[in-house]
Amino acid sequence: MSNFDLTHSPSLTARSVRILWASILPAALLIAYQLWSSSNQDPFFPTIPVMVEDFRAAWIGEGFTQHVIPSLTNLAIGYSAGLILGVLGGIALGRIHFLRRATEPVVGFILTIPAIALLPLFLIFLGIGQQLQVGIIAFSVFFIVLVMTTYAVVGIEGVLLDVCDIYRIRGLRRLTRVLFPAVIPQVLSAARITLSLSVLVMVVSEMIGASQGIGATILLAQQSFDYGQMWAGMLLLAVLGISLNLLFTIGERTLLISTGYEVPSRRRIS
Amino acid sequence: MTIEIKSDQTEPVAARPTQLSRIAPIVSVRDLRKTWITPDGKNIALDGVSFDVYPGEVAAIVGPSGAGKTTVLRIVAGLLEATSGTTEVTGALVKGPPKGVAMVFQDYSRSLLPWLSVLGNVTLPMRSNGVNKKEALERARHALASVGLAGKEKIHPRLLSGGMQQRVAIARALAFQPTLLLMDEPFASVDAQTRMDLEDLVIPLRDEYGVTILFVTHDIDEAIYLSDRVISLTSPPSVVGEIVEVHLPTPRTQVATKKHPEFSRLREHVLSLVRSTPNSVSAQSPIAKSDTTNEESTWAS
């Protein structure tokens, strides 16, 4: 198996050429920005060294424990809750016809409203605090995952369900061995979409309804003319996005391999 | 109604071995009717189908395109509800999939679970029915060995050829130790050579596992080669046109059996049954449509 992989993976030089080629544009942009900002001396656009210095000051050490950790905790709780409930609800709706019929209009209606637009409502119901962030992240994730899982379950091959019926594969076994594995690819794409959505919802909800967290800090920096720190916040969000994506890709591969799906040999995610 | 009477008359009662009529049938289908509601109106697929299958025999259901062969099988399997009529399996009325029945589907690539290994696929039905892990593994290994797949237990089905995948499906059915094995065009999706291999695989397995087999096929040769009796359906609205007894010497082999004069006679007879029945133009059930695609071309083979 490993021999097979070795002979078919691109050679080391080909890979480094590709990486080099891919990094030309970002590097050029960085250099261009640095040259432009240092010659311009515009307080709105600090130079890169200033940004990095502010990044260190704002997000490392105390900033990390006070703002990044709570934000990420809310993100993790809200995202997982939305995802798990969405998958379970989606399987239920996909399997129970009358339930799907009954909930379809409401789900369709909620799906058209961006969760962010409902922030004022959430503020009234949940108040300011951790529960607001967790609640609105879970809400925004839940409905998308719910709908995509429902359609995935509805789309399961009829033959597969016939096999379950004939061989009396029921209950928990049917759920864990047949239904859930069958919808994993769609659930994973829903999870990927909602991951970036939940970061967005997290930041925006912190900007409006929180005194702590990444979003609140970024907004505070902008409002108090601390543009270096504001840019540091942007930098943090970029780092966060890349790390979460990487983590997701690893988790996705692990899940696909452990459930026996074919994993694309080299899935490139921008 | 007249058609129904005709089907009773044409059934060769005298030709049936006397011993069979004394044994209680394992499958008993009486006056089965199935009407599909389509946008063009009602579509009568089955119009009073009656037949019995006796313990230990292999029976084939044949018929022209769209005759509702698969529909009948699905009703016996409890996967489809008949509009009227009764189906009994081992003496109990069928309301949903009956106990002790296994089924092999035409589409092996979809009937196997791609996320489970070969062994996982074979053991899952047993594990779902209270067979303990040790026994399930033992039975699965034995069944896989019987279909010639020893050593492939850990592999995922997608890495196997079509014929091998169908062998896994057959092993899954056999390890389940059913009293009745239903097969829906089990060999229709594999190449001709594999088809013969699989046909020859099934005959000894029947004796080894003591299972009664009812299967649907569009291939007359296959029906005669494998079966003790061939149940021939007419064009829709379908009834049983005739039940043909097959008395061919055993053990049957692809070359000798198919050269036998009796085989040619039966082949001609069943073929004329399947082809002579009047074709009604519009009557074709949505289910039966799926098995019509490769049906026309196979008469010649």
- line: When the stretch B:233-263 is checked residue by residue, the ones that are part of a strand (DSSP E or B) and either crowded, with 24+ Cβ neighbours inside 10 Å or free of Cβ contacts under 8 Å to residues at least 24 places away in the same chain (or both) are B:L233, B:S238, B:V240, B:G241
statement: Within the stretch B:86-103, residues more than 10 Å from chain A (Cβ to nearest Cβ) and in a strand (DSSP E or B) come out as B:T86, B:T87, B:E88, B:V89, B:A92, B:L93
query: (1) within 16 Å of the chain's Cα centre (by Cα); (2) assigned to a helix (DSSP H, G or I); (3) under 22 Å from B:Y54 (Cα atoms); (4) not aromatic (F, W, Y): which one isn't true of B:E208, the others all being true?
result: (1)
- line: Given the conditions (1) more than 29 Å from B:E153 (Cβ to Cβ); (2) within 13 Å of another protein chain (Cβ to nearest Cβ); (3) surrounded by fewer than 21 Cβ atoms within 10 Å (Cβ to Cβ), every one holds for B:L116 apart from (1)
query: Is it the case that B:T212 is among the hydroxyl-bearing types (S, T, Y) and either within 14 Å of chain A (Cβ to nearest Cβ) or at positive phi (or both)?
result: no
task: Hey, can you tell me all the residues within the stretch B:104-113 that are facing another protein chain (nearest Cβ under 9 Å), modelled with pLDDT of 90 or more and not in a loop (DSSP other than H, G, I, E, B)?
output: B:S111
Matching entry among A:L255, A:L220 (being free of Cβ contacts under 8 Å to residues at least 24 places away in the same chain and either over 16 Å from the mean Cα position of the chain (by Cα) or buried (at least 18 other Cβ atoms within 10 Å of the Cβ) (or both)): A:L220
message: I'd like the residue in the stretch B:136-173 that is within 18 Å of A:R173 (Cα to Cα) and not small (G, A, S) and, out of all such residues, is surrounded by the most Cβ atoms within 10 Å (Cβ to Cβ).
response: B:R172
message: Could you check the stretch B:59-85 and list, in sequence order, the residues that are away from every other protein chain (no Cβ under 12 Å) and free of Cβ contacts under 8 Å to residues at least 60 places away in the same chain?
response: B:I75, B:E81, B:A82, B:T83, B:S84, B:G85
message: I want to confirm something. Restricting to the stretch B:186-200 and keeping residues that are out of contact with any Gly (no Cβ under 7 Å at 6 or more places or on another chain) and among the aliphatic types (A, V, I, L, M), which single residue is nearest to the other protein chains (Cβ to nearest Cβ)?
response: B:A188
message: Could you tell me how many of the residues in the stretch A:156-194 are assigned to a helix (DSSP H, G or I), over 15 Å from A:L88 (Cα atoms), within 10 Å of another protein chain (Cβ to nearest Cβ) and not hydrophobic (A, V, I, L, M, F, W, C)?
response: 3
Selection from the stretch B:140-185 of residues that are assigned to a loop (DSSP other than H, G, I, E, B), more than 13 Å from chain A (Cβ to nearest Cβ) and of a type outside the set (S, T, Y): B:V147, B:G148, B:L149, B:A150, B:G151, B:K152, B:E153, B:L160
- request: Could you look through the stretch A:33-71, keep only residues that are without any contact (Cβ under 8 Å) to a residue 40 or more places away in the chain and under 24 Å from the mean Cα position of the chain (by Cα), and pick out the one that is farthest from A:A216 (Cα to Cα)?
  value: A:I60
field: Condition met for B:P25 (closer than 27 Å to B:D221 by Cα and modelled with pLDDT under 85)
entry: no
task: Could you list all residues from the stretch B:95-113 that are in contact with an Asp or Glu (Cβ under 9 Å, 6 or more places away or on another chain) and within 24 Å of B:L201 (Cα to Cα)?
output: B:M103, B:V104, B:F105, B:Q106, B:D107, B:R110, B:S111
Single match in A:I144, A:I110, A:I184 (criterion: hydrophobic (A, V, I, L, M, F, W, C) and in contact (Cβ under 8 Å) with a residue 60 or more places away in the chain): A:I184
query: Can you name the number of the only condition in (1) touching a helix residue (DSSP H, G or I) at 6+ places or on another chain (Cβ under 6 Å); (2) at pLDDT 90 or above that B:E88 fails?
result: (1)
- request: Test A:A238 against the stated conditions and say whether it is in contact with a helix residue (DSSP H, G or I) (Cβ under 9 Å, 6 or more places away or on another chain) and assigned to a helix (DSSP H, G or I).
  value: no
Residue in the stretch A:137-155 that is at pLDDT 90 or above and farther than 29 Å from A:L244 by Cα present: yes
- prompt: Yes or no: A:V134 more than 14 Å from chain B (Cβ to nearest Cβ), of a type in the set (V, I, T) and over 18 Å from A:R100 (Cα atoms)?
  reply: yes
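The values are calculated or read from the model by the stated rules, or taken from the named source; none is laboratory data. The model shown is predicted, which means the values in this text are computed figures rather than measured ones. Glycine gets a Cβ as well: all are built from the backbone with ideal geometry, and neighbour counts include every protein chain shown.
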